[in-house]
Amino acid sequence: MDDITHKIRARFDHEAAKHTLREKYEAKMLFAHQGGMFRASAELIVLLSSFTDDTIVILDEFKNPTRVNRTNLLQEAKQRHQEMLNAWSVELDGMSTQR
């Protein structure tokens with residue numbers, strides 16, 4: 001019975017650690033750009049990729065309309081998104097092997 005309890009606790013601790021890790025990296029996805037706060041997300045990358053104009057107005061994380069250089073914001077969002085996902089993946093893999 002103690003073995004089952006130990007396995008359940010270990011699994012619960014692992015899920016709690018994964019949740020904490022997700023929150024950590026989601027917070028790191030936020031960045032300031034041209035007077036607005038943006039989240040480097042797949043949605044932002046797709047939105048920016050769908051436009052062709054260099055200067056556009058989009059809503060930032062606080063729902064404020066912000067005039068941005070689309071190309072610069074797209075480049076920064078892609079870079080930050082990939083860096084954070086890579087770091088998150090490495091840390092998650094390390095955590096999974098410790099289980």
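The values are calculated or read from the model by the stated rules, or taken from the named source; none is laboratory data. Just so it is clear, the structure is predicted and the values come from calculations on it, not from any experiment. As a convention, Cβ positions derive from the backbone with ideal geometry for all residues, glycine included, and neighbour counts pool all protein chains shown.
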Legend entry - Residues within the stretch 59-84 that are free of Cβ contacts under 8 Å to residues at least 12 places away in the same chain and of a type in the set (A, V, I, L, M), tallied: 1
Legend entry - Members of the stretch 31-58 found to be assigned to a strand (DSSP E or B), of a type in the set (A, V, I, L, M) and in contact with a helix residue (DSSP H, G or I) (Cβ under 9 Å, 6 or more places away or on another chain), listed by number: Ile56, Ile58
Legend entry - Subset of the stretch 74-99 (residues that are surrounded by 12 or more Cβ atoms within 10 Å (Cβ to Cβ) and small (Gly, Ala, Ser)): Ala77, Ala87
Inset, instruction - Would you confirm whether any residue within the stretch 53-73 is buried (at least 17 other Cβ atoms within 10 Å of the Cβ) and of a type in the set (Ser, Thr, Tyr)? - result: yes
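So that you can scan it fast, the table gives a plain yes or no per residue for (1) under 19 Å from Gln79 (Cα atoms); (2) at pLDDT 95 or above:
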| position | (1), (2) |
| --- | --- |
| Glu15 | no, no |
| Arg22 | yes, no |
| Tyr25 | yes, no |
| Met37 | yes, yes |
| Ala40 | yes, yes |
| Asp53 | no, yes |
Inset, instruction - Tell me, please, whether a residue that is part of a strand (DSSP E or B), more than 14 Å from Met29 (Cα to Cα) and either out of contact with any Cys (no Cβ under 8 Å at 6 or more places or on another chain) or hydrophobic (A, V, I, L, M, F, W, C) (or both) can be found in the stretch 70-78. - result: no
